[in-house]
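Heads up: the structure comes next, in structure tokens.
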Amino acid sequence: MLESILYPSASLVRSYEPVSVTTKQGKIYNGLIRKESPEEIVLALTATEQVKLAREEIEEMRPSKVSIMPAGLDKQLTPQELADLVAFLKACK
């Protein structure tokens, strides 16, 4: 679990595999597919931000090798906060 926090892109958990979507306008979005229909997809870009993309506007959609979980949490948290985070996540299992 600690490895996943320190190196979020090292291994990606199934159902949390990010995708990279390029629109016909050249905009690139990286996120998790939250909803999918023949007309559109909804990507979660962050925990609080989503974007709806019409399929007709999508030029390319491919698996991404970069997690949407931010890297560097070990640099932002104290060792105690990191230990508390790991303990909290283990308790949530």
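Please treat every number below as a calculation from the coordinates, not as lab data. On a predicted model such as this, the values are computed, not experimentally measured, just so you know. Cβ: placed from backbone, ideal geometry, glycine included. Neighbour counts: every protein chain shown.
Just a few scattered comments:
- Descending by average beta-carbon neighbour count within 10 Å, the peptides 71-84, 19-32 line up as 19-32, 71-84, the highest first.
- Cβ-based charge dipole, the chain, positive-most Cα from Ala91, Pro38, Ala71: Ala91
- Once both labels are positioned 7 Å from their Cα atoms along Cα-to-Cβ, the gap between Met69 and Lys35 label points is 2.6 nm.
- C-alpha long axis of helix 79-92 to longest principal axis of the chain, angle in °: 70 degrees
- From phi via Karplus (6.51, -1.76, 1.60), per-residue ³J(HN,Hα) for region 25-31 in Hz, x at Gly/Pro: 7, x, 6, 10, 10, 10, x
- About the centre of its Cα atoms, region 42-90 shows a dipole size close to 160 debye [charges on the beta carbon of Lys, Arg (+1) and Asp, Glu (-1) only; nearest 20 debye].
- Other residues whose C-beta falls under 15 angstrom from the C-beta of Asp84 contribute a net charge of -1, scoring Lys and Arg +1 and Asp and Glu -1.
- Computed 3J(HN,Hα) for region 34-44, one whole-Hz value per residue from the Karplus formula 6.51 cos²θ - 1.76 cosθ + 1.60 where θ = phi - 60°, is 9, 9, 9, 9, x, 8, 7, 10, 10, 9, 8, glycine and proline marked x.
- Extension gain (nm, one decimal) between Arg55 and Val19, 0.36 nm per residue minus Cα-Cα: 11.5 nm
- Remark: region 1-82 carries a charge dipole of roughly 60 debye about the Cα centre, counting +1 on each Lys and Arg Cβ and -1 on each Asp and Glu Cβ.
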